[in-house]
Amino acid sequence: MKHIISVLVNNQAGVLSRVSGLFSRRGFNIDSLAVGTTNIPEISRMTIVVDGDDNIVDQVQKQLSKLIDVIKVVRLDAENSVSRELALIKVRADTSVRSEIMQIAEVFRANIVDISKDTLTIEISGSSKKAEAMYEMLRPFGILEDARTGLLSLERGAKTILDD
């Protein structure tokens, strides 16, 4: 089962390495990891997706909390949080199929962000399921290259990660 862990850390060199090292030392796999500074420049937020049972995730949370630069660790409930992923997908698209690919992008509310003689680059944001569905529709045309952010998540409502 996939679990979303949100971690606030001091925005300092080496913190990402220490967090990812904790996972590798314990043999845990990270499904996705997204990191960025918050509205407080000294603090970064990591959104980590881990596949495992509750005991594994509890252990991960406890171990993360022990790291010096970690400020707060929270497991997010998928139903009570908003999660999005961003993907850029470069697709083979000569003139014979270009309009069909553009229609697919429109259905998914995706944006064409680059166009060349033989390719289209599409930007899609939304749930991971939405991104996967778009990938399935585009595969027959030939996906040449892609990049994905990994999941970003925040709790719904007024509550923040710093609330107790």
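Shown is the FRET efficiency for L86 and E155, computed with R0 = 22 Å from the Cβ-Cβ distance and rounded to the nearest 0.05: 0.65. In plain terms, the chain from A78 to R148 could stretch by 23.2 nm, reckoned as 0.36 nm per residue minus the Cα-Cα distance. Candidates I4, S116, I30 compared by Cα position along the dipole of the chain: farthest toward the positive end lies I30, with charges placed on Cβ. Phi angles of the stretch 21-30 translate, via the Karplus equation with coefficients 6.51, -1.76, 1.60 and θ = phi - 60°, into HN-Hα couplings of x, 4, 5, 5, 4, 9, x, 8, 9, 9 Hz per residue; Gly and Pro are given as x. Charge tally for T119 (other residues, Cβ to Cβ under 11 Å; Lys, Arg +1; Asp, Glu -1): 0. Bridgeable lysines around K2 (alpha carbons under 28 Å apart, same-chain partners fewer than 8 residues away excluded): K62, K66, K72, K90, K129, K130, K159.
All of the numbers you see were taken from the coordinates with simple rules; none came from a lab. As the structure is a prediction and not an experimental result, all values here were calculated from the model. Counting neighbours? That spans all protein chains shown, and the Cβs are built from the backbone with ideal geometry, glycine included.
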